[in-house]
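What follows is a short report on a single structure.
Every read-out reported here was derived from the displayed coordinates using simple, explicitly stated rules and does not represent laboratory data. What you are looking at is a predicted structure, and each value in this text was computed from that prediction instead of being measured. When we count neighbours, we look across all protein chains shown, and the Cβ atoms used for this are built from the backbone with ideal geometry, even at glycine.
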Amino acid sequence: MRFLKLISLGLIIATAGLVLAYNHSTASNQSQNAAGEFRVSKVLDGDTIEIIRFGKTEKVRLIGVDTPETVDPRKTVQCFGHEASDYTKRTLSDKTIKLEFDPIVGERDKYGRLLGYVWLNSDTLINNELVKQGYAHEYTYRSQAYKYQSLFRASEQEAKQAAAGFWSPQTCNGKTK
């Protein structure tokens, strides 16, 4: 009888351990999948898009990049702003993207927008493409490091050297403000 009680207790403990492990794994997967794949419903400007996420429209600000302004009512349209916005529209409108969050930066900014890296496919990081092609500056918010910071900085140097996009003397010569 005592032997059966020990076996029962052992099974209860093992089951509890499995339940805890499953719940931890599920919570971890839900956190990772909170990013996931979403449809772009609208491109607001070069570095901000809207997606449909869990049945709700959400704004997404691309981490690590700053494109010239086109829609900020406090500012005039900046040099190469329309080109940057048009590039993002051509590239992302009505597309399915993969959204990646950065645990260092956090999921949202002070305006409630999602902060993310936008992948068009497994090897095209739009944030970096904007910088590499001269549509965006690398942007570090308040000296806060982020996952792809060194990549974006290297891409900006390459864009400058190649006089790509707004780095060209025929466009803005790097002066977008």
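Sorted ascending by nearby beta carbons within 10 Å, beginning with the fewest, D109, D94 become D94, D109.
As a proxy for reagent exposure, L92, L99, L62, L130 were ordered by neighbouring Cβ count within 10 angstrom, fewest first; the result is L92, L99, L62, L130.
Kirkwood radius and radius of gyration were both taken over the C-alpha atoms of the range 35-167, and their ratio Rg/Rh is 0.94.
D for the range 138-177, whole µm²/s, Stokes-Einstein with Kirkwood Rh over alpha-carbon pairs at 20 °C and 1.002 mPa s: what number? For the chosen part, D equals 195 µm²/s.
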